[in-house]
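The values are calculated or read from the model by the stated rules, or taken from the named source; none is laboratory data. What you are looking at is a predicted structure, and each value in this text was computed from that prediction instead of being measured. All Cβ positions, even for glycine, are placed from backbone atoms using ideal geometry, and neighbour counts span all protein chains on display.
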Amino acid sequence: MSAKRTKLQDRYELREVLGRGGMGIVYKAYDRLMNREVALKTILDVDSPETLQLFYKEWSVLVTMVHPNVINIYDIGEFEQDGIKKPFFVMPMLPGVTLDKLIKEGSPRLSVEGVVAIVEQAARGLHAAHEQGLVHRDVKPSNIFVMEDGSVKIIDFGIARDASAHSKTTLKGTLYYMAPEQLSLKPPSPMSDLFALGVVTYEALTRRRPFQGANEGEVIEAIQKHTPPPISELNHEVNYAISQVVHKAMAKQPWHRFYNIREYGDAVVKASRNEPLEYFDTAKIKPRLERATKSFEQGDYDFASEILSEMEAEGHLDQGIALLRRQVDQAVRQIRIKQTLENARRFFEAAEYPLALRKIQEALELDPQDAAALALKSQVEKERREKKIEEWIALARQHLENNAFRQAREALENVLQIKPNETDALRLAEEIDRREKEVARIRDEKGKLYQSAMNAWEKGEVTQPGRARSPPPGRSARRSPACRAGATSRWESRACRCGLLRRPPRARPRRRSRA
């Protein structure tokens, strides 16, 4: 530019921050030379060559543009901050508010007539930029400024790009307003600005965005695949013709939209007046709708769906199209449910219960009330429970055989959580209690016998290794040989049975010597 760049400190006094965007900061400033308040914009990331290039392209294009619906540029310059040079440009301080604030506040200014007037002016401003080879690439409510007198200015061309630059760039803009081709990283074009203005129109008339989602992936899928409900269904003050025009602007393919954005603005105005629109001549779509209906009746759902999709993409919102679309979608959904349940039954027969339940869930996502899917789910879950019960009971019996009573009870607890009145589990629990008491009794008896044997040994009543001493006076001598003679004392006999004392080895008979 040949314009002389002005030092910030010489002329402009920064007073407060008006707003921050993806690239720049807008200040409220005072022009000491002209004695007026102005808006001054500079950029945040001056270290990026790409950002600087876009910044200078913005003011170099805008400074040459003179259009009532595009922001004017008063001055350009540079200033130094923290040792870094930052470019800036100066715009008029506009009396008004951005469209996004009007939407959030539910302003009465956003009547059908008010929105139509805003969209028409925005379309004219963007068309002027397109004619100079500039694509805005971030058309959204916050970049449409509505003046107090009702006039509209397109602002913030901060991420605009030259339409003649065909190199692919990274995704830039605001996701909710991006055209499907932008999501595929195709070069932005006037058609993508047209799509975005259609989205803005939808939001201004309904107070909701047409493409929504819980996360970025769902929003992208909605933009690429979903058709939002007609505006007239969400706002009964909007006529059917406006709904058709806006849907045509939001067509998935650029060639199904209007020829240019100015044509879209004019079509919105005509639709608001119920003037005839050649784009939506019902006589032209009648033969196509009849072909789609015939294909549906013959069971060729794919062919019927393709014809309907093409008419929908062109912006047609005929009630016959909507009715046939519901019928085709229902038929296709039933086929998918049937196929999915067939796979689920195969997994069920193979005892692959998790896989079967997963397939059933897929069917229920298509139709949560499908009777066949609900019945099969109940059957699979019942069979799965029975198998689990058998497995837990078998495991409990195995633990019982090994006298692992705690583990056996834990296995039965799993059974009773599934089926509290399971008879086999309750009986086995009783068996575990009985067996545990018996083992405890035997263990206690062994302990007592061991203690008796130890006491006897300490008293000298038992000889090593297991022989008894001579019986006390007055007792029969035939009880003294103990274990070896087979006539042991009562305590020694019990100790021998419990393995606490060893019976003495039997004496081997002497061999007779040969003469």
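Output yes when any residue across the range 383-391 is within 28 Å of the chain's Cα centre (by Cα) and not assigned by TED's automatic domain parsing to the domain that holds GLU438, and no when none is. Looking through the range 383-391, none of the residues is within 28 Å of the chain's Cα centre (by Cα) and not assigned by TED's automatic domain parsing to the domain that holds GLU438. Total residues in the range 262-290 satisfying the condition of being outside the structural domain of ALA122 (by TED's automatic domain parsing) and at pLDDT 95 or above: the figure is 0. A Cβ distance below 6 Å, combined with a sequence gap of six or more or placement on separate chains, defines the contacts here; from the range 428-443, residues that are in the same structural domain as ALA408 (by TED's automatic domain parsing) reach residues that are of a type outside the set (Asp, Glu) and surrounded by 15 or more Cβ atoms within 10 Å (Cβ to Cβ) in the pairs LEU428/ALA396; ALA429/LEU412; ILE432/LEU400; ILE432/PHE405; ILE432/ALA408; GLU436/PHE405. Here the condition is being of a type outside the set (A, V, I, L, M, F, W, C) and over 25 Å from GLY265 (Cβ atoms); of GLU181, GLU203, GLU218, it holds for GLU218 alone.
Of the residues that make up the range 82-102, is at least one of a type in the set (A, V, I, L, M), closer than 23 Å to TYR12 by Cα and free of Cβ contacts under 8 Å to residues at least 24 places away in the same chain? The answer is no; no qualifying residue exists.
LEU99 falls short on exactly one of the conditions (1) in contact with a strand residue (DSSP E or B) (Cβ under 8 Å, 6 or more places away or on another chain); (2) more than 30 Å from ALA271 (Cα to Cα), and that condition is (2).
Would you be able to say whether some residue in the range 82-101 is closer than 23 Å to PRO180 by Cα and in a loop (DSSP other than H, G, I, E, B)? So far as the range 82-101 goes, no, none of its residues is closer than 23 Å to PRO180 by Cα and in a loop (DSSP other than H, G, I, E, B). Within the range 384-414, being over 13 Å from ILE432 (Cβ atoms) and among the charged types (D, E, K, R) holds for ARG384, ARG385, GLU386, LYS387, LYS388, GLU390, GLU391. On the stretch given as the range 391-418, residues that are in contact with an Asp or Glu (Cβ under 9 Å, 6 or more places away or on another chain) and surrounded by fewer than 14 Cβ atoms within 10 Å (Cβ to Cβ) total 1.
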